[in-house]
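Below is one structure, written out as structure tokens, with a few remarks after it.
The values are calculated or read from the model by the stated rules, or taken from the named source; none is laboratory data. The model shown is predicted, which means the values in this text are computed figures rather than measured ones. When we count neighbours, we look across all protein chains shown, and the Cβ atoms used for this are built from the backbone with ideal geometry, even at glycine.
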Amino acid sequence: MQGTSKAEQSFKPGEAVTESGVYTVVHDRHRQKHSATIFKGEKFPLCARCGEKVRFILLRPSALISEDVDFKQGSDASGQETI
């Protein structure tokens with residue numbers, strides 16, 4: 001979305017999740033906003049009640065622990081690859 005900051009951008013059901021993190025989930029009248037963790041590579045889901053009207057706003061990006069250099073397989077405590 002041009003002119004919209006990343007923090008304000010909303011995503012629709014069916015769109016690809018490009019960044020893992022905690023998202024604010026905004027429903028169409030039947031429920032208060034709430035947060036949910038959604039992972040990169042998934043699709044934003046439909047709501048069982050409000051269907052395609054639900055929207056998702058990235059609240060806080062969060063990388064998977066397996067993507068953190070200190071926890072990658074084959075790295076030592078300094079983050080250097082081990083043989």
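Which ones in the range 43-78 are in contact (Cβ under 8 Å) with a residue 40 or more places away in the chain and under 9 Å from the mean Cα position of the chain (by Cα)? Within the range 43-78, Phe56, Ile57, Leu58, Pro61, Ser62 qualify. Selection of the range 50-83 for residues being modelled with pLDDT of 85 or more, loosely packed, with under 11 Cβ neighbours inside 10 Å and in a loop (DSSP other than H, G, I, E, B) yields only Leu64. Applying the criterion of being polar (S, T, N, Q) and at pLDDT 95 or above to the residues of the range 1-23, the residue that is surrounded by the most Cβ atoms within 10 Å (Cβ to Cβ) is Ser20. In the range 31-42, the residues that are of a type in the set (Val, Ile, Thr) reach residues that are part of a loop (DSSP other than H, G, I, E, B) and surrounded by 12 or more Cβ atoms within 10 Å (Cβ to Cβ) with C-beta atoms within less than 8 angstrom, at least six apart or across chains, in these pairs: Thr37/Ser20; Thr37/Ser62; Ile38/Val17; Ile38/Ser20; Ile38/Phe44. On the basis of being among the aromatic types (Phe, Trp, Tyr), over 16 Å from Glu8 (Cβ atoms) and within 10 Å of the chain's Cα centre (by Cα), does Phe39 make the cut? When the stated conditions are applied, Phe39 passes them.
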